[in-house]
Amino acid sequence: MASSTRGEILDSSFLVEEAMVRGYKAEHYYPVRIGDVFQERYKIVGKLGYGSASTVWLCRDTQASEAFVALKVYINSSKWHRELPIYEHINSLGSILPGLVHMESTSASCMKPWVKNLEELRDVIPERVFEPDLVRDTLRNILRALHFLHTDAGVIHTDIQPNNIRLGVRDSPMFERFEQDELQNPMPRKELPGRTILLKANENH
């Protein structure tokens, strides 16, 4: 490994992040970089996560009072684009989703940023047991969301599980600290020809 003002550079032979996903093909993933700006509005601040169909990034929205959004950048494979028409349909109903972002060779969706999903939260709380208030509030919000999807949007959600239930935050200063941390202490990254695979920030970053 080598160190750099741009963050620690990982050995190129190591598999990290989305490169560890089964069936990973580098050419399917859009090469997002810190500082990139999409649609002259969404500036990439840091990486929130990754999966088999997308990477997720914290962005500063330069044209909105709520300064931060999460940008989910889909892989360039039609097999995984089934979510996009659903987002477009929901947006057409006047939902609170900020909307879709179209970029060269792929698309992305904007949403409210989050810190952890329920599965990640369960792993860090004592005895992995949720407080009753959290369970009640979470179930109430899930039922409201399902009611909207089923009744207003006519959409059936078929994959409700802890790692798909994300907890949002109202603490904008926390995201500002996230942004400053990435500027001052960049996350490690793997440099490859034509792209950089950045490690997602952890809760201590």
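The values are calculated or read from the model by the stated rules, or taken from the named source; none is laboratory data. Since we're looking at a predicted model, the values are computed, not measured. Ideal geometry is used to build each Cβ from the backbone, glycine not excepted, and the neighbour counts take in all protein chains shown.
Of the residues ARG144, ARG128, which is exposed (fewer than 13 other Cβ atoms within 10 Å of the Cβ) and in contact with a Lys or Arg (Cβ under 6 Å, 6 or more places away or on another chain)?
ARG128
Quick test of your reading of the structure: GLU17 fulfils all but one of (1) at pLDDT below 90; (2) crowded, with 16+ Cβ neighbours inside 10 Å; (3) not polar (S, T, N, Q). Name the failing condition by number.
(1)
How many residues does region 48-79 hold that are outside any strand (DSSP E or B) and either modelled with pLDDT of 70 or more or charged (D, E, K, R) (or both)?
Final tally of qualifying residues: 13.
Taking region 46-58 only, how many residues are crowded, with 16+ Cβ neighbours inside 10 Å and in contact with a Gly (Cβ under 9 Å, 6 or more places away or on another chain)?
Matching residues across region 46-58 total 4.
Yes or no: ILE44 assigned to a loop (DSSP other than H, G, I, E, B) and either farther than 15 Å from PHE175 by Cα or outside the structural domain of ASN163 (by TED's automatic domain parsing) (or both)?
no
One line per residue, one yes/no per condition, for (1) of a type in the set (Ser, Thr, Tyr); (2) in contact (Cβ under 8 Å) with a residue 60 or more places away in the chain; (3) within 18 Å of ASN76 (Cβ to Cβ):
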residue: ALA19; (1), (2), (3): no, yes, yes
residue: GLY23; (1), (2), (3): no, no, yes
residue: ARG33; (1), (2), (3): no, yes, yes
residue: TYR42; (1), (2), (3): yes, yes, no
residue: TRP57; (1), (2), (3): no, no, yes
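How many of the residues in region 159-189 are at pLDDT 85 or above and among the polar types (S, T, N, Q)?
Residues in region 159-189 being at pLDDT 85 or above and among the polar types (S, T, N, Q): 4 in total.
What pairs come up if the first residue lies in region 172-200 and is closer than 22 Å to GLY51 by Cα, the second is in a strand (DSSP E or B) and among the charged types (D, E, K, R), and their beta carbons are under 6 Å apart, counting only those six or more places apart or on different chains?
THR196/ARG189; ILE197/LYS190; LEU198/LYS47; LEU198/ARG189; LYS200/LYS47
Is there a residue in region 80-96 that is modelled with pLDDT under 70, in a loop (DSSP other than H, G, I, E, B) and either of a type in the set (A, V, I, L, M, F, W, C) or closer than 17 Å to VAL56 by Cβ (or both)?
Checked region 80-96: at least one residue is modelled with pLDDT under 70, in a loop (DSSP other than H, G, I, E, B) and either of a type in the set (A, V, I, L, M, F, W, C) or closer than 17 Å to VAL56 by Cβ (or both).
Taking the criterion of being closer than 30 Å to PRO31 by Cα and of a type in the set (Phe, Trp, Tyr), would at least one residue in region 142-150 satisfy it?
Looking for residues that are closer than 30 Å to PRO31 by Cα and of a type in the set (Phe, Trp, Tyr), one finds none in region 142-150, hence no.
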